[in-house]
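Okay, structure first, notes after.
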Amino acid sequence: MKADEELIPTRKSLLSKLKNRHDNESWEVFFDTYWKLIYGAALRAGLREAEAQDAVQETVISVMNSMPEFKYKTEGGSFKGWLLQLTTWRVVDQFRKRQKNIQSLHNNSETSTGTDPLDRFPGTAQMSIETIWDEEWEENLLNAAIDRVKRQVDARDFQIFDLYVVKKWPVAKV
């Protein structure tokens, strides 16, 4: 296996390729690797499907806009943390848009609860976005690894693995 065919591309090597906005292949790898993570975290934070899709799109656009000046520094924080921050901002933006729409519909001060709008949405109070992100991150990495392995092994062998390890079927049933 060549270095550019790693099981999961290193974020540092992928990020260096993303500095070129016209490197469609690298942007496709980035999107394929991270969109489900961003989308899943946004949904679990309480966004609706369309809002979560917008959060994904806006996060990817934020990454694209940041790449020309981006410098990968491990001492300044991880890529995971940076992407979390961008995603959090986009999720909060979606809640604000929703709140603005609600306020325009109910432009009556008597209906105000006096609480922060973000605290009134499902998901934000029960679980922090960081906790959701960490869980989604782990699941995303596992799914990315499984997808890449699936393409490299015999279909029958993968099906046995999937049924026994992932779906936890008993050996006799497999």
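Every residue, every condition in (1) at pLDDT below 85; (2) among the polar types (S, T, N, Q); (3) farther than 17 Å from Tyr39 by Cα; (4) open to solvent by 50 Å² or more (accessible area, probe 1.4 Å), yes or no:
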residue: Trp82; (1), (2), (3), (4): no, no, no, yes
residue: Thr88; (1), (2), (3), (4): no, yes, no, no
residue: Val92; (1), (2), (3), (4): no, no, no, no
residue: Arg96; (1), (2), (3), (4): no, no, yes, yes
residue: Lys100; (1), (2), (3), (4): yes, no, yes, yes
residue: Ser104; (1), (2), (3), (4): yes, yes, yes, yes
residue: Asn107; (1), (2), (3), (4): yes, yes, yes, yes
residue: Glu110; (1), (2), (3), (4): yes, no, yes, yes
(request) Note down all Cβ pairs under 9 Å where the first residue falls in segment 154-166 and is open to solvent by less than 80 Å² (accessible area, probe 1.4 Å), the second is of a type in the set (D, E, K, R) and in a loop (DSSP other than H, G, I, E, B), and they're at least six residues apart or on different chains. (result) Leu163/Lys173
(message) at pLDDT below 65, β-branched (Val, Ile, Thr) and within 14 Å of Arg44 (Cβ to Cβ): is that true of Thr124 in this structure?
(response) yes
(request) Residue by residue through segment 10-35, note down the ones that are assigned to a helix (DSSP H, G or I), open to solvent by less than 90 Å² (accessible area, probe 1.4 Å) and among the charged types (D, E, K, R). (result) Arg11, Asp32
(request) Can you work out which of the residues in segment 44-63 that are part of a helix (DSSP H, G or I) and open to solvent by 60 Å² or more (accessible area, probe 1.4 Å) is nearest to Asp93 (Cα to Cα)? (result) Asp54
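The values are calculated or read from the model by the stated rules, or taken from the named source; none is laboratory data. Nothing here was measured: the structure is a model prediction, and the numbers come from that model. When we count neighbours, we look across all protein chains shown, and the Cβ atoms used for this are built from the backbone with ideal geometry, even at glycine. Only protein heavy atoms, including side chains, enter the accessible area calculation; ligands, DNA and RNA are left aside. Shrake-Rupley method; radii C 1.70, N 1.55, O 1.52, S 1.80 Å.
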